[in-house]
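Contents: one structure, followed by commentary.
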Amino acid sequence: MQNIEAACREFMLGGTFADTAHDITHIERVVKVAKQLTEVENADLSIVLPAAWLHDCVAVAKNHPDRAKASHMAADKAVIFLQSLGYDDTKLAAIHHAIVAHSFSANVTPMTLEAKIVQDADRMDALGAIGVSRCMKVGGAIARHLYHPEDPMCEYREADDKKYTLDHFFIKLLHIAAQMHTDAAKSEAAKRTAFMEDFLMKLKEEIS
């Protein structure tokens, strides 16, 4: 699988990324976690590996109106690329599905173990210290305010992450752990979520 990894990495580096939170280091972290989950779950690495490498091969900004289509476009582009390499045709449909299903915006339920692993690995990167860092980077990139000045922790209002970066924790990030599929991912996600909860409590102390 080393040859396909090298080819996928080169392909990704030759393209563009949606933002600095979705750069090659994000891809590499997702691949690393996906490999670990594949081994634990005894899944098909020949499906998981290219899907993990290529899941963000089409760059669409988080606040772009076509964001919900991004994973479908990425899956189509990935399959065309893999076909150009002469990759096993019998794996392409499963790879396509895994890439489509990884996305929150697409709202597609993963139907295979491999798709569940790719989704778990990608969502893991939204949690913990790296998740906090990436959330702040995205918020800055699309010019969101950090928090609501009167109610930063959404205690008395409905969260709105189109305006406030901190609201994204309450709308999405703190709920990811409960949505994980594999046991290994659930365990790690719980630890990373606890870190984010501690971060929010500390932030609340500092700005109160």
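Just a few scattered comments:
- Candidates Ala178, Ala184, filtered to the one that is open to solvent by less than 70 Å² (accessible area, probe 1.4 Å), of a type outside the set (Lys, Arg) and more than 20 Å from His22 (Cα to Cα): Ala184
- Note on segment 150-185: residues that are among the basic types (Lys, Arg) and under 15 Å from the mean Cα position of the chain (by Cα) total 1.
- Subset of segment 87-119 that is acidic (Asp, Glu) and more than 18 Å from Ile27 (Cα to Cα) - its residue that is most open to solvent (accessible area, probe 1.4 Å): Asp89
- Applying the set (1) farther than 23 Å from Ala126 by Cα; (2) open to solvent by 60 Å² or more (accessible area, probe 1.4 Å); (3) of a type in the set (Asp, Glu) to Glu39 leaves exactly one unmet item: (1).
- Residue match in segment 141-160 (condition: in contact with a helix residue (DSSP H, G or I) (Cβ under 9 Å, 6 or more places away or on another chain) and part of a helix (DSSP H, G or I)): yes
- For Ala126, the conditions (1) in contact with a Cys (Cβ under 8 Å, 6 or more places away or on another chain); (2) closer than 26 Å to Thr193 by Cβ; (3) open to solvent by 70 Å² or more (accessible area, probe 1.4 Å) all hold with the exception of (3).
The values are calculated or read from the model by the stated rules, or taken from the named source; none is laboratory data. What you see is a predicted model, and the numbers here were worked out from it, not measured in a lab. In this analysis, Cβ positions are derived from the backbone assuming ideal geometry, glycine residues included, and neighbour counts consider all displayed protein chains. Accessible surface areas use protein heavy atoms only, side chains included; no ligands, DNA or RNA. Shrake-Rupley method; radii C 1.70, N 1.55, O 1.52, S 1.80 Å.
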